[in-house]
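Asks: What follows is a single structure, and I will ask about it in a moment.
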Amino acid sequence: MRRSYIDDYKQKGLRKQLVDGIRAKGITDENVLNAIGNIPRHFFLDNAFEGIAYEDRAFPIGEGQTISQPYTVAYQTQLLEVKPMEKILEIGTGSAYQACVLAELKANVFTIERQRKLFEHNKQFSFLSKYRTIRFFYGDGYEGLPTYAPFDKVLVTAAAPSIPTKLLQQLKIGGKMVIPVGEKDVQRMLRITKVGETEYNTETFDDFSFVPMLSGKNG
Ligand code: SAH
């Protein structure tokens, strides 16, 4: 993959337009909008996408996976209600863009990817050294990270056929999980709050379309 790491007035201008567009679509959390405005999204994509990196669309990142649409990233992040210093578990590192948004909000991020090539790629991605609060793991997100649990928040960025029990267990009481749940083509965004050891409140939001959350590691 060839990438350009120049962030000039042209990209900054396009990024501002992207943020305005996301705000117009209903995202109100200014901290989330600032985070999107601060991160050069074209750094996360192949040069071939340079002219369109700031369109509000998902793009391929290799291994049949995608970087999520910025609106979707903003939507999930807003629902997560991130506070500084929180421990957040992300399932599906992909391009690491979403992890950087969480890091911009001063969270401590633990992110898991099951595709070895994507995981290895992020090790070489020098821009990520800017974010010292992100830890990268290669593994199966269905297992979570029991060693580092419990987490304040869990963010799943792939489509889950049902709610993964182990991830619920790894939430703190009072913690929240944001997860798209459903079949192949369309999933409902859920926010689950852990109110007791085995007690949960579920809120439902809009429909989205994510790549599937698959079991096991690949590679
Ligand atoms: N958060 C990403 C979105 C990537 S798409 C970004 O900002 O770019 C979803 C990602 O979830 C893909 O990279 C896919 O390989 C990964 N994934 C799917 N099932 C998984 C699982 N069980 N554990 C960890 N990662 C998984």
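Asks: Does any residue of segment 33-55 turn out to be of a type in the set (D, E, K, R), open to solvent by 50 Å² or more (accessible area, probe 1.4 Å) and assigned to a helix (DSSP H, G or I)?
Replies: Looking through segment 33-55, at least one residue is of a type in the set (D, E, K, R), open to solvent by 50 Å² or more (accessible area, probe 1.4 Å) and assigned to a helix (DSSP H, G or I).
Asks: Report, ordered by the first and then the second residue, all pairs with beta carbons closer than 6 Å, sequence separation of six or more or different chains, a first member in segment 159-175 that is part of a loop (DSSP other than H, G, I, E, B) and of a type outside the set (Ser, Thr, Tyr), and a second member that is at pLDDT 95 or above and surrounded by 14 or more Cβ atoms within 10 Å (Cβ to Cβ).
Replies: Cβ pairs passing all conditions: Pro164/Tyr142; Gln170/Gly144; Gln170/Ala149; Gln170/Pro150; Gln170/Phe151.
Asks: Quick one: is Leu80 closer than 19 Å to Val156 by Cβ, at pLDDT 95 or above and touching a Ser or Thr at 6+ places or on another chain (Cβ under 9 Å)? It would help to see each step written out before you state the result.
Replies: Details: closer than 19 Å to Val156 by Cβ: yes; at pLDDT 95 or above: yes; touching a Ser or Thr at 6+ places or on another chain (Cβ under 9 Å): no.
So Leu80 fails the test.
Asks: Taking the condition of being in a strand (DSSP E or B), among the charged types (D, E, K, R) and under 24 Å from Arg114 (Cβ atoms), how many residues in segment 176-219 meet it? Outline the logic, then answer.
Replies: The first filter runs over segment 176-219 and keeps only residues in a strand (DSSP E or B), leaving 176-182, 187-196, 199-208, 212, 218.
When the remaining residues are screened for being among the charged types (D, E, K, R), the result is 176, 188, 191, 194, 199, 203, 206-207.
Those left that are additionally under 24 Å from Arg114 (Cβ atoms): 176, 188, 191.
Qualifying residue count for the region: 3.
Asks: Give me a count of the residues in segment 153-189 that are open to solvent by 30 Å² or more (accessible area, probe 1.4 Å) and farther than 28 Å from Gly64 by Cα.
Replies: Count: 5.
Asks: Would you confirm, using the coordinates I've provided, whether Gly216 is at pLDDT below 95, farther than 21 Å from Ser68 by Cβ and either more than 10 Å from the ligand (Cβ to nearest atom) or over 17 Å from the mean Cα position of the chain (by Cα) (or both)?
Replies: Numbers: at pLDDT below 95: yes; farther than 21 Å from Ser68 by Cβ: yes; either more than 10 Å from the ligand (Cβ to nearest atom) or over 17 Å from the mean Cα position of the chain (by Cα) (or both): yes.
Yes, satisfied.
Asks: Identify the single condition in (1) touching a residue at least 40 places away in the same chain (Cβ under 8 Å); (2) away from the ligand (no atom under 16 Å from the Cβ); (3) within 19 Å of Leu102 (Cβ to Cβ); (4) of a type in the set (A, V, I, L, M, F, W, C) that Phe44 does not satisfy, given that it satisfies every other one.
Replies: Exception for Phe44: condition (2).
Asks: Determine, yes or no, whether Leu155 is in a helix (DSSP H, G or I) and either among the aromatic types (Phe, Trp, Tyr) or in contact with a strand residue (DSSP E or B) (Cβ under 6 Å, 6 or more places away or on another chain) (or both). Steps first, please.
Replies: Numbers: in a helix (DSSP H, G or I): no; either among the aromatic types (Phe, Trp, Tyr) or in contact with a strand residue (DSSP E or B) (Cβ under 6 Å, 6 or more places away or on another chain) (or both): yes.
Spelling it out, it is not the case that Leu155 is in a helix (DSSP H, G or I) and either among the aromatic types (Phe, Trp, Tyr) or in contact with a strand residue (DSSP E or B) (Cβ under 6 Å, 6 or more places away or on another chain) (or both).
Asks: Being near the ligand (Cβ under 8 Å from one of its atoms) and over 21 Å from Lys130 (Cβ atoms) is the filter; apply it to segment 65-91 and report the residue that is least open to solvent (accessible area, probe 1.4 Å).
Replies: By that ranking, first place goes to Ile91.
Asks: Evaluate segment 143-150: report whether one residue or more is buried (at least 21 other Cβ atoms within 10 Å of the Cβ), over 22 Å from Ile39 (Cα atoms) and touching a helix residue (DSSP H, G or I) at 6+ places or on another chain (Cβ under 8 Å).
Replies: Yes; the residues of segment 143-150 include at least one that is buried (at least 21 other Cβ atoms within 10 Å of the Cβ), over 22 Å from Ile39 (Cα atoms) and touching a helix residue (DSSP H, G or I) at 6+ places or on another chain (Cβ under 8 Å).
The values are calculated or read from the model by the stated rules, or taken from the named source; none is laboratory data. All of these numbers come straight from a predicted model, not from anything done at the bench. Every residue, glycine as well, gets a Cβ built from its backbone with ideal geometry; the counts of neighbours run over all protein chains shown. Remember, those area values only see protein heavy atoms, side chains included, never the ligands or the DNA or RNA. Shrake-Rupley method; radii C 1.70, N 1.55, O 1.52, S 1.80 Å.
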